[in-house]
Amino acid sequence: MYASVKKMTGWYLGVGMAALFIGGSIGPFQKLEHVGINLYPSLQSVGLNNYYQGLTIHGVLNALVWTTFFIVGFLTFTTVHSLKRELTHPKLNWASFYVMVIGLVMAAVPVLLNAATVLFTFYPPLQASPYYYIGLTLVVIGSWVGGWGMFLTLRAWRKENPGETTPFIALASNITMAMWQIATLGIAIEMLWLIIPWSLGLVDGVDPQLARTFFWFTGHPIVYFWLLPAYVSWYGMVPKQIGGKLFSEPLARLVFWLFLLLSIPVGLHHQYVDPGVPQGWKVVHAVLTYSLFIPSLLTAFNVIASLEIGGRARGGTGLLGWIRTLPWDNPSFTAQNLAMILFAFGGIGGLTNASYNLNLVIHNTIWIPGHFHLTVGSGVTLTFFGIAYWLVPKLANKPLFSNKMALWQAWTWFVGMLLMSNGLHILGLNFGAPRRTMLGIAPYASSDWQPLLIEAALGGIILGVSGLLFYINMIGTVRSKQTLTEAIKMPVAEPMEVHPTPAWLDTWRPWVVATLVLIAVSYGPLLVYLISNLNMTSPGFSNLWGG
């Protein structure tokens, strides 16, 4: 059953993992450069020309490609298995995959040729090959198409099951994709109206301020596109894996609706120092950004309560004794639990980023990648590793290659990320060390930075080793000659108490309408102001870093 979806999911995960392998492999080179060990000159024979090209590859493949491919594949899988029905339009979902792969190739080639060294955010007036922009646009369009296949399947299920409550995992998966469909309208407009015509030479200039605003319309919600699939697992699967139950399913549903409502109108907190954005709108977005802490705190309460239920069901006693009884020998659980711990630190740092006064201290410092690696690099990626430890064996119908290696991988990732992120955070906060900079040759680099740079580099090396352990395990699993005697089932957590779900937690229209209204209020007047003062005068600057 669901053989087509299993195959499709396997391809999505395979492409995503391949991208992460390439992008992740460059990570240690970045940190070694900061301590004066620049390996890029010796890597020119394999196409890595300079630090900034490496940084672009690292950011694009890890933050955009790995996450998007894994998420679309995983959420397609969870929708089908949660609803217990096949996709209504499987050809549409396969088309999604093919479009995303074509886009990936189009974007990757100019990056690898050093013709798109514009970093992860590709701010104009830095200008890349038009194929890069068109390729990234196709990846986004492909992800939309995958979402449409999920929506049509959910709609068919609702018609077949009138009056029944949508299973939580299917609802959460589709809310995530709905948020993504709306959030990516910003970057789609930026690409189609401003960037692609400019890169093709159809117009002479571009408006960098307007382009940045459209980018961050999408740029911050993408964080929740990465995070919410992890929440699907933390809420809907982990309690089952530890022998417990979900503390409150209605509260979990509310959290996903709140993220749909609040994730998008927050982008201006990335533009506190932009002179072209009126101060009042920055304040509005700051308040809305703080409001996102509400569903985050609800998640912390609900997930930890669910963990405690599982720990006590396994014999745990006392105030904290239940923690010891959790299944720490299960790498899928261990990876995800460690991801939760790291993400908690990332969430606290996010409050600093959202605070106007504090943001001015850490803006564009190396604090930002420290925060970034605790969120997408830990809370998201380590959770995805944990999911892969049961999902890949299920897709391949083979046992996990090495349970012990998977446990080592989870713990080494945890330790490596603690070291690296701690060094980066302190360097940014205490010393103002800049991000996206070859610190190894910076004349202003202080000797006081060295211990923290060494700490970050050590963490980066440990992360590289951890990544290798993950790939050895995945390849060993897929190539194993053993087969499972009993198929692995997708873990589905049961609620601790079964009550009828309030209708307003299973109804789309009011939440979608409220989301669109809030976006219109928070972004509409600002975009009217910026567009009425359109300034398409900036030329493009290409390959500033040399070859």
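The values are calculated or read from the model by the stated rules, or taken from the named source; none is laboratory data. Since we're looking at a predicted model, the values are computed, not measured. Reconstructed Cβ throughout: ideal geometry from the backbone, glycine too, with neighbour counts over all protein chains shown. Heads up: the accessible areas ignore ligands, DNA and RNA and are worked out on the full protein's heavy atoms, side chains in. Shrake-Rupley method; radii C 1.70, N 1.55, O 1.52, S 1.80 Å.
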Any idea which residue in segment 364-386 is most open to solvent (accessible area, probe 1.4 Å), counting only those that are under 30 Å from M490 (Cα atoms) and of a type in the set (A, V, I, L, M, F, W, C)? F372
Condition first: out of contact with any Phe, Trp or Tyr (no Cβ under 6 Å at 6 or more places or on another chain) and β-branched (V, I, T). Now tell me which residues in segment 290-308 satisfy that. I294, T299, I304
Residues that are more than 19 Å from F541 (Cα to Cα), open to solvent by less than 40 Å² (accessible area, probe 1.4 Å) and under 22 Å from the mean Cα position of the chain (by Cα), drawn from segment 87-128: N93, S96, F97, M100, G103, L104, A108
F120: passes all of (1) farther than 29 Å from P495 by Cα; (2) part of a helix (DSSP H, G or I) but (2)
Pick out the one residue from L171, L194, L228 that is touching a residue at least 24 places away in the same chain (Cβ under 8 Å), touching a strand residue (DSSP E or B) at 6+ places or on another chain (Cβ under 6 Å) and of a type outside the set (K, R). L194
Which numbered condition T166 misses (of (1) in a helix (DSSP H, G or I); (2) touching a residue at least 40 places away in the same chain (Cβ under 8 Å)): (1)
Scan segment 495-512 for residues that are open to solvent by less than 40 Å² (accessible area, probe 1.4 Å) and in contact with a Leu (Cβ under 8 Å, 6 or more places away or on another chain) and jot them down. P495, L505, D506, W511
Taking segment 178-202, which residues are over 17 Å from the mean Cα position of the chain (by Cα) and hydrophobic (A, V, I, L, M, F, W, C)? L185, A188, I189, M191, L192, W193, L194, I195, I196, W198, L200, L202
Examine segment 58-72 for a residue that is closer than 30 Å to D204 by Cβ and buried (at least 24 other Cβ atoms within 10 Å of the Cβ), and state whether such a residue exists. yes
With criteria (1) farther than 30 Å from H285 by Cα; (2) touching a residue at least 12 places away in the same chain (Cβ under 8 Å); (3) open to solvent by 50 Å² or more (accessible area, probe 1.4 Å), S466 comes up short on (3)
Going through (1) modelled with pLDDT of 95 or more; (2) assigned to a helix (DSSP H, G or I) one by one, D448 fails only at (1)
Go through segment 486-510 and give me each residue that's under 24 Å from F74 (Cα atoms) and either of a type outside the set (G, A, S) or not in a loop (DSSP other than H, G, I, E, B) (or both). E486, I488, K489, M490, P491, V492, E494, P495, L505, D506, T507, W508
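Condition check ((1) more than 30 Å from G27 (Cα to Cα); (2) surrounded by fewer than 17 Cβ atoms within 10 Å (Cβ to Cβ); (3) touching a residue at least 24 places away in the same chain (Cβ under 8 Å)) across all residues:
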position	(1), (2), (3)
L458	no, no, yes
T483	yes, yes, yes
A493	yes, no, yes
A514	yes, yes, yes
Go through (1) under 25 Å from the mean Cα position of the chain (by Cα); (2) among the aromatic types (F, W, Y); (3) open to solvent by 30 Å² or more (accessible area, probe 1.4 Å) and name the single condition Y444 misses. (1)
At least 3 residues that are among the small types (G, A, S) and surrounded by 20 or more Cβ atoms within 10 Å (Cβ to Cβ) in each: list the helices (runs of 4 or more DSSP H) lying fully within segment 256-363 that qualify. 293-313, 331-354
Quick one: in segment 155-203, which of the residues that are β-branched (V, I, T) and within 30 Å of S542 (Cβ to Cβ) is surrounded by the fewest Cβ atoms within 10 Å (Cβ to Cβ)? V203
